[in-house]
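Chemist: Got a structure here, written out as C-alpha cells. Questions coming.
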C-alpha cells in the first residue's frame, strides 16, 4: 500500500537553447527515500526546482497529492549578517511553531546548547541540522533536500544522513535528496536515480552499484579522477545531445558549454 | 515654543515610527539604492503633480510605483546589473524632474526647489501634519502585515516561495509602500535625504539588537532621537532642519559603531 506523493512524467527542460533535462520520470512515495545522483551539470538541481515549481519544465506532467505539504532544504542558505537572527527565532519563522516544540526539536538534532546563538555563527554541519530541525517543525509529507551534506565533513555527513533517515522513520514522510557523494548516501536510500541529463539507470542502491551505467559514470571518479569518461550505449555530442556510439564527443562534461550553472543563473536578483 | 516647532517635531516623530521598521527591511533586502532611486524620482513626481494639479504626495507615490514596475521589467535583461538599472532610472527621473521644473518656472510658476530638495519641515501646515499622521496610521498595519513574509524572503527567496509566500506580490507591495513613505517623508528631510532617514537609524540599531523585532524597535527610538536632536540643534544654531536631523542620525550611527560587539 504505497501512497504516491509527487511524480513527474517525461520532464524536459531547455535553458537558452540547451537541453538540460530530457524525458525524466520521477516518483516519490510516502515512507521512501529517493536519491538523485549524477555528475556536476547533470541537471539534478534543475529537476528538483522544477518539481518544487521554482522553475517551469518545458514539457512534463507533474502530479501531486492533494494538499501536499512540502519542506525544502536549499543547496545554500546564506543568512546575511545584517539581520540579527538567533537559532530559536529562525525556527519561529515556521508558522505555528511553539517554543516548547522548538526546544524539543533542537534537542533531537542536538543543537539545544545553541538555542540563543546567531545563525550566522553556526558551522556548516550545525546549519544543516538547523535546517532539518525546521523541516521537522513543518511536519511535511515530502522533504526535498538539495545536497544536504555540502560543506560537512565525512563523520558529520554520516550523522546527517542517519538523521534524515530517522526523520523518515519517525514522521513517515517521503524524502527526495540530491547528492553526489555516493557511498554515504547509499545506506540511507531506498531508490537511486542516476541522472545525467536523462535518467541513466534507476533502482535499489545495491543493484545500482553493480549497474554498468552507474559504474561508467562513477567508477573512475571513485579512484580520484576528476574527469569522467562516459562509455554508454550512446554518446553525447558537444551540445549534450544523445547520438549513436562513435559519433559524439567522448567527454562532454569537459566542454565549457556543457558544464552548467543554468539553474542558479535563472534565479532572479532583487532590487 | 511656537506652534510650527511642535508641528515639525510631531511630524518628524511620526515619520520615524514608520521609517524604523521599514529601514530594517530595506537593509536586509539590500534595497537602499532602490530607496535612493525613489527619492530621486520624487522631484519629477512633484513637477508632474504641479503640472496636472494633483496632490504632490499622490504624484510622488504614483511615480514611485511606475519606477518599481520599470525596475521589475528592466531586471529581465540580464546583461546589466540591478544597480546599473537603478542608476539609470534614478538619474533619468532626476534630470527629467529638473527639466520639467525649469519649464514650469519659465512659464512664471513659483516653485521653491530648495524646499523639495532639502525639506521644509518648519513650514508644515496643520493640514499637512494631519496628512502625515493619517498616512503613518494607515501604513503601520501594512508594515506589520509585510513583516513576516518580508523576513522570510530576506532569509531565502526560494524557500519562501516553496512555503507558499507570493514572493513577487509581496515584493511589489513593499516597493509601493516605500514609494508612499518617500512621498510622505519628503516634507521632513527633502528628497535628497530621505534614504538617510530610512537606513541610518536602522543601521545604527544593528549593533544593539539580537532579533529582527528588536532592531526595528531600536531603529524607531534612534530615529526619534535624531529628530529631536536635529531639531534642537537646528533651532539652536539656525541650521537647516532636515540636514540637521540627518547629521544627528549619522552621529548616533558612528557612536553605535564605537561600542564593542556583544
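Chemist: Filter the range A:48-61 down to the residues that are away from chain B (no Cβ under 14 Å) and in contact with a helix residue (DSSP H, G or I) (Cβ under 9 Å, 6 or more places away or on another chain) and list them by number.
Modeler: Scanning the range A:48-61 gives A:57, A:60.
Per-residue answers, yes or no, for (1) part of a helix (DSSP H, G or I); (2) touching a strand residue (DSSP E or B) at 6+ places or on another chain (Cβ under 9 Å); (3) touching a residue at least 12 places away in the same chain (Cβ under 8 Å); (4) more than 29 Å from residue B:24 (Cβ to Cβ):
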| position | (1), (2), (3), (4) |
| --- | --- |
| A:36 | no, yes, yes, yes |
| A:77 | no, no, yes, no |
| A:84 | no, yes, yes, no |
| A:103 | yes, no, yes, no |
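Chemist: Just checking, which of A:193, A:127, A:145 is within 14 Å of chain B (Cβ to nearest Cβ) and not in a helix (DSSP H, G or I)?
Modeler: A:145
Chemist: Additional query: State all residues of the range B:185-210 that are crowded, with 23+ Cβ neighbours inside 10 Å and not in a helix (DSSP H, G or I); if no residue qualifies, say none.
Modeler: If the condition is that a residue be crowded, with 23+ Cβ neighbours inside 10 Å and not in a helix (DSSP H, G or I), then B:190 is the only one that fits.
Chemist: Restricting to the range A:153-180, and then to whatever is within 15 Å of the chain's Cα centre (by Cα) and without any contact (Cβ under 8 Å) to a residue 60 or more places away in the chain, can you tell me which residue is nearest to residue A:111 (Cα to Cα)?
Modeler: A:160
Chemist: Can you confirm whether residue A:139 is surrounded by fewer than 17 Cβ atoms within 10 Å (Cβ to Cβ), within 30 Å of residue A:29 (Cβ to Cβ), more than 12 Å from every other protein chain (Cβ to nearest Cβ) and under 22 Å from the mean Cα position of the chain (by Cα)?
Modeler: yes
Chemist: Counting only residues that are away from chain A (no Cβ under 14 Å) and farther than 27 Å from residue A:85 by Cα, how many does the range B:152-193 have?
Modeler: 13
Residues checked against (1) in contact with a strand residue (DSSP E or B) (Cβ under 8 Å, 6 or more places away or on another chain); (2) in a helix (DSSP H, G or I); (3) within 13 Å of chain A (Cβ to nearest Cβ):
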{"site": "B:68", "(1), (2), (3)": "no, yes, yes"}
{"site": "B:101", "(1), (2), (3)": "no, yes, no"}
{"site": "B:108", "(1), (2), (3)": "no, no, no"}
{"site": "B:128", "(1), (2), (3)": "no, yes, no"}
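Chemist: Which residues, taken from the range B:6-44, are out of contact with any helix residue (DSSP H, G or I) (no Cβ under 7 Å at 6 or more places or on another chain) and surrounded by fewer than 20 Cβ atoms within 10 Å (Cβ to Cβ)?
Modeler: B:6, B:30
Read-outs: derived from the displayed coordinates by stated rules, not from any lab. If you're wondering where the values come from, they're calculated on a predicted model, not measured in any experiment. Neighbour counts are summed over all protein chains in view; Cβ atoms, including those assigned to glycine, are modelled from backbone coordinates with ideal geometry.
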